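*Asks:* First, the structure itself, so that you have it in front of you.
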Amino acid sequence: SDVERLSAIAERYPFQVVMAGKAHPRDGSGKEMIRKIHEMIRQLSNKVPIAFIPNYNMNVAKPLVAGADVWLNTPLPPLEASGTSGMKAAVNGVPSFSVLDGWWVEGCIDGVTGWSIGGEGSGDDADSLYERLRSEVLPLYYNDRARWIGMMKQAISKLASYFNSQRMMRRYATEAYIR
């Protein structure tokens, strides 16, 4: 939402964004969001390389999850579902940078397994995203490779062994389906 601020961050620490998604054919607000994303891509075209991959599915997810340096997730609380995409990223050693919702409320060890955006119900998510990207995430990536690799290892050791599909299905079965 803040093109100037994002551009200034990218000027100091160049980065690229790869997004994927799709809207249900009857999801007017989802289609509008994708239209706005394409508009932002055009506005930032000379400052931040951004790619939007349409028709997100499991085949698209596989190379994205394995090839990401940071898994950004910005659901609108409390609407995060199970969070399996972030869990798959953790298995691949990808630190998450996410709003505290869904599994990330439990999984986030700030500065160890990734970073939180805002606070639970804080309402300052956009400002938090920009500030942490500028002052923590990108400086760490560029300036302390050993610690970055350590975070990748922590994502695997602390998250992948605990947050997985088996646990998710067990909890769905015991807490949602069999009551």
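*Asks:* Only residues in the stretch 69-91 that are touching a residue at least 12 places away in the same chain (Cβ under 8 Å) count as the first member; pair them with residues that are assigned to a strand (DSSP E or B) and not aliphatic (A, V, I, L, M), Cβ under 6 angstrom, at least 6 apart or cross-chain, and list the lot.
*Replies:* If the second residue must be assigned to a strand (DSSP E or B) and not aliphatic (A, V, I, L, M), the pairs left are Val70/Phe97; Trp71/Ser96; Leu72/Phe97; Asn73/Ser98; Gly86/Trp71; Gly86/Asn73; Gly86/Ser96; Ala89/Trp71.
*Asks:* Given (1) in a helix (DSSP H, G or I); (2) β-branched (Val, Ile, Thr); (3) over 15 Å from the mean Cα position of the chain (by Cα), where does Val112 come up short, assuming only one miss?
*Replies:* It is condition (1) that Val112 fails.
*Asks:* From Leu72, Leu129, Leu140, which residue is hydrophobic (A, V, I, L, M, F, W, C), closer than 22 Å to Val3 by Cβ and assigned to a helix (DSSP H, G or I)?
*Replies:* Exactly one residue qualifies, and that residue is Leu129.
Rundown of residues vs (1) closer than 17 Å to Gln154 by Cβ; (2) at pLDDT below 90; (3) of a type in the set (Asp, Glu), yes/no style:
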residue	(1), (2), (3)
Gly86	yes, yes, no
Asn92	yes, no, no
Phe97	yes, no, no
Trp104	yes, no, no
Ser116	yes, no, no
Glu120	no, yes, yes
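*Asks:* Among the residues of the stretch 43-53, is any closer than 19 Å to Ser157 by Cα and either in a loop (DSSP other than H, G, I, E, B) or not basic (Lys, Arg) (or both)?
*Replies:* No, every residue in the stretch 43-53 fails to be closer than 19 Å to Ser157 by Cα and either in a loop (DSSP other than H, G, I, E, B) or not basic (Lys, Arg) (or both).
*Asks:* OK, next. Restricting attention to the stretch 85-95, does a residue exist that is open to solvent by 10 Å² or more (accessible area, probe 1.4 Å) and part of a loop (DSSP other than H, G, I, E, B)?
*Replies:* Among the residues of the stretch 85-95, at least one is open to solvent by 10 Å² or more (accessible area, probe 1.4 Å) and part of a loop (DSSP other than H, G, I, E, B), which makes the answer yes.
*Asks:* Tell me yes or no: at least one residue of the stretch 68-81 is among the polar types (S, T, N, Q) and touching a strand residue (DSSP E or B) at 6+ places or on another chain (Cβ under 7 Å).
*Replies:* Yes, that holds for at least one residue.
*Asks:* Let me ask something else about it. How many residues, within the stretch 120-135, are exposed (fewer than 15 other Cβ atoms within 10 Å of the Cβ) and under 15 Å from the mean Cα position of the chain (by Cα)?
*Replies:* So the answer is 1.
*Asks:* Of all residues in the stretch 159-179, count the ones that are part of a helix (DSSP H, G or I) and either modelled with pLDDT of 95 or more or over 30 Å from Tyr13 (Cα atoms) (or both).
*Replies:* Within the stretch 159-179, residues that are part of a helix (DSSP H, G or I) and either modelled with pLDDT of 95 or more or over 30 Å from Tyr13 (Cα atoms) (or both) number 13.
The values are calculated or read from the model by the stated rules, or taken from the named source; none is laboratory data. Bear in mind that the values here come from a model prediction, so they are computed numbers and not experimental data. Because the Cβ atoms are built from the backbone with ideal geometry, glycine has one as well, and the counts that use them run over all protein chains shown. Please note that ligands, DNA and RNA were not included when accessible areas were found on the heavy atoms of the full protein model with its side chains. Shrake-Rupley method; radii C 1.70, N 1.55, O 1.52, S 1.80 Å.
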